[in-house]
Each structure stands twice: as structure tokens, then as C-alpha cells.
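Taken together, the values in this text are just the output of simple stated rules run on the coordinates, not laboratory data. These numbers were taken from a predicted model, which means no experiment stands behind them. For neighbour counting, all protein chains shown are included, and Cβ atoms are generated from backbone atoms with ideal geometry for every residue, glycine included.
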Amino acid sequence: MITKFLNFFADPYRLHYKSRELIKKYQLQNYEQRLAIGAVERPHYGYCVYHSAKLAKRLGYERISVIEFGVAGGNGLVNLEYHVEEVSKIWGIEIEIYGFDTGEGLPKPVDYRDLPYYWQDSFFKMDISKLQPRLKKAQLVLGNITKTAKDFFEVYKPAPIAAIMYDLDYYSSTVAALEMFDADDTFFLPRIFCYFDDIIGSEMEAYNDYIGVRLAINEFNQNNQMKKLGKAYHLLTRKLPETWYNQIYIYHNFSHSKYNEFIGPQNQQIVLEE
């Protein structure tokens, strides 16, 4: 008993996390307050949706889209709908949702870069008949990403994309998804909040910069002069650490017509103190 008591206070964050779980369980504050402290399911989804909608509002957009690449069973897409519903009310902006998946599970790995030592084809097969009735507004985009990424804009004509959740597991699939940024700038915000699921893992995945999703991100940055994916350093400086802080990237399109549009506070004058 004494050991447990001492261990509780030995972790400087334990009390905070316990309090947060209670706030989350009983919804003791409003959505915006709970999101700010991570007291929601998949706070990384909420973070991307909230801040992308905030940016869109300041840039004058009335409608935006958010995407989840890799739906699998559908838990993430259902959760994404929850965040979208709450965020839409806060910012007064319409948000479309698209979920990309083969529907048949992972395709066959292309080569070593897809980590065939950890991922196998047919993993994460979707039960479409079970998921579809649960969706309120999200649209499923079914098929191999190498095809759906190419005809998505023509077929669905989405509102400008503002946030993307990448959970494709493979290097090859992530490369195909990132190639969507080659589409016309009107389909995107100048800055897009992105979450990448498969870049940390454990000793078994052993992710590094030369395989998997990390390699896809690095190659994207190397191959594009005016479009870059960068880490959200403002999250990494927060006092209370969260793993997902390391998984948030922000896409910048420096040549986008709205990239330089001012969104900061109007009055930033500093008066000399007496």
C-alpha cells in the first residue's frame, strides 16, 4: 500500500492524467475545454479538425473537408464524425468527411519499405454492412489508394481539404495519398493539419527514416520545393508530454494563393513600459 502511494506521487503527471480521465468520463466541461486538455477520445483527431476549421474561418471559407486514410473497422471514422459535429457548431462552418479504404484490408506489400515483416495483406478488413449504418455524414471512398487518389477530386468534388488523418501503414500507400497534393490548389487550404499514425510504434515495428511512412514523408519533402510537411513544434514544447504530439505534421503550400493572407491579431503593438 505504501509503495503504491509513493509511486502515485513519483510520477509528476499521474494526478493530471487521472483528473483528465474523470473529466473525459463524465464530460465535466464543454467540448472546447475538454479538447484543450485532451479529455476526449482521439484528441489528435479533435486537434486537427478544430484548428483546421479555425484557420478556414479566418481565411473566409464556408465549407471544408477532412479525410481519414485507412478506415479499417471504422472506429476512427465514427469518432471523426463526433469531432466534426462539435467543431462545426463552434466555428459555424460546414465540414465534409471522407474515409478512404480498400474495404478488403491491406493490399500486398510492394517491397521491404512496406514492412512485410510486420504488415500482411488482408489485415484490417472492413465490415462495410456493419459500418455504413453507423455513419451519419462520412462518405466511404472504397478501392486501392493508387486509383482512388487519382479520381477522387473529379468524382466527389470535395470542399477544400483542411485536415488529414493518415493510417495507411504502408510506405507505398502513403506515397500515393501524398501525391494528391499535386491536385489544383483550390482543393486545399494553404496549410493542412495532418496526423500520421505509423511513425512511432514499438521495438517490433522498429520504424526509421528509411522505411514506412517516415520514408514517404521524407521523400515528399525532398521532391517538393514549394510544398512541405513539417512537425508541429508548438505541441512539442508543451509541459505535459503526449505521444501524439510527435505525430502531428502541418502541410504548407508556399505557392497557394491564400498562403500569405494575414490571420494574426490586428493589434500587435508593444508599448514601452514606464
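Checking the a/c ratio against 1.5 first, then a/b against b/c, what shape does the Cα gyration tensor give for the stretch 173-266? Oblate. Here the Karplus curve 6.51 cos²θ - 1.76 cosθ + 1.60, taken at θ = phi - 60°, turns the phi angles of the stretch 218-227 into couplings of 4, 5, 4, 5, 5, 8, 10, 6, 9, 10 Hz, with x standing for Gly and Pro. Close amide H contacts of Val141 (hydrogens built in the peptide plane, cut-off under 5 Å, sequence separation of 5 or more or a different chain): Gly99, Phe100, Asp101.
Shape summary: the chain maps onto an equivalent ellipsoid whose semi-axes, from the alpha-carbon gyration tensor, are 29, 27, 21 Å in decreasing order. Taking a sphere under 10 Å around the Cβ of Phe196 and counting the other residues whose Cβ falls inside, with K and R at +1 and D and E at -1, yields a net charge of -2.
Excluding residues fewer than 8 places away in the same chain, name every one of the lysines whose C-alpha is closer than 24 Å to that of Lys54. Within the straight-line cut-off, Lys54 pairs with Lys24, Lys89, Lys136, Lys137, Lys157, Lys227, Lys228, Lys231, Lys239, Lys258. With a cut-off of 13 Å between beta carbons, the residues surrounding Tyr117 carry a summed charge of -4, where Lys and Arg count +1 and Asp and Glu -1.
Averaged over residues, the count of other Cβ atoms within 10 Å places the peptides 218-228, 94-104 in the sequence 94-104, 218-228, highest first.
For the peptides 126-134, 196-204, 244-252, the ranking by mean Cβ contacts within 10 Å, running from highest to lowest, is 244-252, 196-204, 126-134. Panel order for Leu272, Leu236, by other beta carbons found within 10 Å of each beta carbon, from fewest to most: Leu272, Leu236. Using a ≥ b ≥ c from the Cα gyration tensor of the stretch 108-151 (square roots of the eigenvalues), is it rounded, prolate or oblate, where a/c under 1.5 gives rounded and otherwise the larger of a/b and b/c decides, a/b for prolate? The shape class here is oblate.
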